[in-house]
1. May I ask you to list the residues in segment 102-143 that are over 15 Å from D74 (Cα atoms), modelled with pLDDT of 85 or more and within 15 Å of the chain's Cα centre (by Cα)?
2. Can you name every residue in segment 56-78 that is under 14 Å from the mean Cα position of the chain (by Cα) and among the small types (G, A, S)?
3. Could you please find all residues in segment 93-121 being open to solvent by 60 Å² or more (accessible area, probe 1.4 Å) and of a type outside the set (A, V, I, L, M, F, W, C)?
4. For segment 40-65, what are the residues that are in contact with a helix residue (DSSP H, G or I) (Cβ under 6 Å, 6 or more places away or on another chain) and open to solvent by less than 50 Å² (accessible area, probe 1.4 Å)?
5. With respect to the numbered conditions (1) touching a strand residue (DSSP E or B) at 6+ places or on another chain (Cβ under 9 Å); (2) more than 19 Å from D102 (Cα to Cα); (3) acidic (D, E), which one is the sole condition not fulfilled by E185?
6. Restrict the check to segment 75-92 and report whether at least one residue is assigned to a strand (DSSP E or B), open to solvent by 80 Å² or more (accessible area, probe 1.4 Å), modelled with pLDDT of 90 or more and not hydroxyl-bearing (S, T, Y).
Amino acid sequence: YNFFSWKKSFLRFYCNSLHFIINSNEINEHINTSKKIWEEENPIVKSIEEIQILAEHSEELSGKVVTIEGIIVDPKIKDAIFKITENDNLEKIHFNICEINDTSFSVFSGFYFYKTALAITNCNLTAFQGKVLFDGCLCPYYSYEVDLSNNQLGEKGSDFLEFLSKRVEECIVSLNLSGNGFKAEDISKFLETRVSEYDIYFDDIQEIDK
């Protein structure tokens, strides 16, 4: 009885140890993969941990597009985003399928000092949030390409377009507003009345240098 009981305990211990080793290897493999994410041609990160890893290697991101996907954009990542965009040669930072809330704009305000192109796509960005972005998050002394496609900027009809039509945004080189549900008549009115001269894109419409 004692022999079989000991054998059973030993097998249980062996299996648990093997399971631990396998899990440890999987964790180490994930960490090693994450640590090398900055070496990818255009990194896509999906966790706060990966964003922080990129921030630690921001000097390796020159000429790259960094995509942040599927996270809540909140102040927890502000310092890391600041470090990532500190590289003046970063081509673009792209927030895709992320949750945007009232605290998110403290993160975007990090662009006040840098020249990185900005994309916020598929994030359900509202007309009000779009106004906040333009009012406080883009430095007037730099030139930006801004992509706000596939959001909800047209949810209140022409409200956002009326806001834009009265502004001279010298810091904007181009603006992509496609996929936001704007009505054709509101787009036409905007294009006729806007005072800015940057390139702008709607669904199947491009207006260059008004």
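The values are calculated or read from the model by the stated rules, or taken from the named source; none is laboratory data. Quick caveat, the model's predicted, so the values are computed rather than measured. Ideal geometry is used to build each Cβ from the backbone, glycine not excepted, and the neighbour counts take in all protein chains shown. To get the accessible areas, we keep the full protein, side chains included, count just its heavy atoms, and leave off ligands, DNA and RNA. Shrake-Rupley method; radii C 1.70, N 1.55, O 1.52, S 1.80 Å.
1. If the condition is that a residue be over 15 Å from D74 (Cα atoms), modelled with pLDDT of 85 or more and within 15 Å of the chain's Cα centre (by Cα), then A117, L118, A119, T121, N122, N124, G130 are the ones that fit.
2. G70, the sole residue that qualifies.
3. Scanning segment 93-121 gives E99, D102, T103, Y112, K115.
4. P43, V45, E50, I51, I53, L54, A55, H57, S58 - these are the residues of segment 40-65 that are in contact with a helix residue (DSSP H, G or I) (Cβ under 6 Å, 6 or more places away or on another chain) and open to solvent by less than 50 Å² (accessible area, probe 1.4 Å).
5. Going through (1) touching a strand residue (DSSP E or B) at 6+ places or on another chain (Cβ under 9 Å); (2) more than 19 Å from D102 (Cα to Cα); (3) acidic (D, E) one by one, E185 breaks only (1).
6. Here is the first cut: in segment 75-92, the ones assigned to a strand (DSSP E or B) are 92.
Applying the additional criterion that residues be open to solvent by 80 Å² or more (accessible area, probe 1.4 Å) yields none.
Scanning segment 75-92, I find no residue that is assigned to a strand (DSSP E or B), open to solvent by 80 Å² or more (accessible area, probe 1.4 Å), modelled with pLDDT of 90 or more and not hydroxyl-bearing (S, T, Y), so the answer is no.
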